[in-house]
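Structure first, then comments.
The values are calculated or read from the model by the stated rules, or taken from the named source; none is laboratory data. No experiment lies behind these values; they were computed from the predicted model shown. No Cβ is skipped: glycine too gets one built from the backbone with ideal geometry, and neighbour counts run over all protein chains shown.
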Amino acid sequence: MSGGAILAQEAVFFLLACACLAWAQWRLPAGVAAFPGPRPVGPVFKVWLLIIWGVGLVLPLLALVVDGLLGGSAATRLALLPYFAMFFAQVASELFCWKRWRSPVWVLVPCLYLPWRLWQSFRGLDLATEAPLLTLVTLYALIVLWVINIGVHYTNIPRTLRWDYHPAGKEFPSLHDPRVFTQGAQDARDGQPGPRPPHKE
C-alpha cells in the first residue's frame, strides 16, 4: 500500500469521525448541564493509564526514531506515522468535546478512535513484514494494548456517563410497558422535544 493510499484512508476516517461527533452534538437538547468530564480514577486504573502511555506512545515513538528515522525503515514510517497522527487527533477531539463543547459526546471519541487504532496496528503489520524487530514487537504490543483498552473503555461507559445519578427509587414506564420507544415511556422529558442546541462560541 502506498503512502498516498494510507493518507487517504486516514483523512476519510478523520472526516467521518468529526462528522459523527458533530451530529451527536447537534442532536443534544438545548440547556443540558455541562459534562463534568471523566470521573477520577482509582489506583489500578492509574497504573493502566501509565501502561497505555508507555506502550501506546513511548514504545512506538522509540521504534519510529530507532527504526524509522535512524534505521531508515520506510515500512516503520508507513506503519507508525499515521498511528501518531490519529493518536493526537483523538486527544485533540477529546479535549475539544470536553473543554469546548463541555459535552457528554466526549465518551464517543474513544469509541470511534480505539477500533481505528487497532486497525492501524494490523495494517502496520501487513506493511512491515520485513521491518526491524523493534517495529514488529511494537505493533504486536499495540494490538494487545488496544484490544484490552477497547474493553476497558466500553465497559466503563455507564460509570463515565453517571447514569447512577438517577434516584435509586426512580421508576420508568418503559420498564413495565412493551412500547419502549413511545414518547414519555422512559422519562417525562422525552415527550417534550426542545429546540436545537444553541451555537457555542
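Key figures
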| quantity | calculated |
| --- | --- |
| Residue list for the range 33-61, restricted to those being in contact with a Ser or Thr (Cβ under 8 Å, 6 or more places away or on another chain) and over 23 Å from Arg102 (Cβ atoms) | Leu59, Pro60 |
| Hey, Leu7 in a helix (DSSP H, G or I) and over 21 Å from Trp146 (Cβ atoms) or not | yes |
| Residues of the range 1-23 satisfying the condition of being farther than 21 Å from Trp101 by Cα and among the aromatic types (Phe, Trp, Tyr) | Phe13 |
| Selected residue (criterion: modelled with the lowest pLDDT) from residues of the range 115-135 that are out of contact with any helix residue (DSSP H, G or I) (no Cβ under 7 Å at 6 or more places or on another chain) and not β-branched (Val, Ile, Thr) | Asp126 |
| Neighbours by Cβ (under 7 Å, 6+ apart or cross-chain): first from the range 129-140, closer than 18 Å to Leu81 by Cβ; second part of a loop (DSSP other than H, G, I, E, B) | Ala131/Ser73; Pro132/Gly71; Pro132/Ser73; Thr135/Ser73; Thr135/Ala128; Leu136/Ala128; Leu139/Ala128 |
| Unmet criterion (only one of (1) at pLDDT 90 or above; (2) of a type outside the set (Gly, Ala, Ser); (3) under 17 Å from the mean Cα position of the chain (by Cα); (4) under 20 Å from Val152 (Cα atoms)) for Pro38 | (1) |
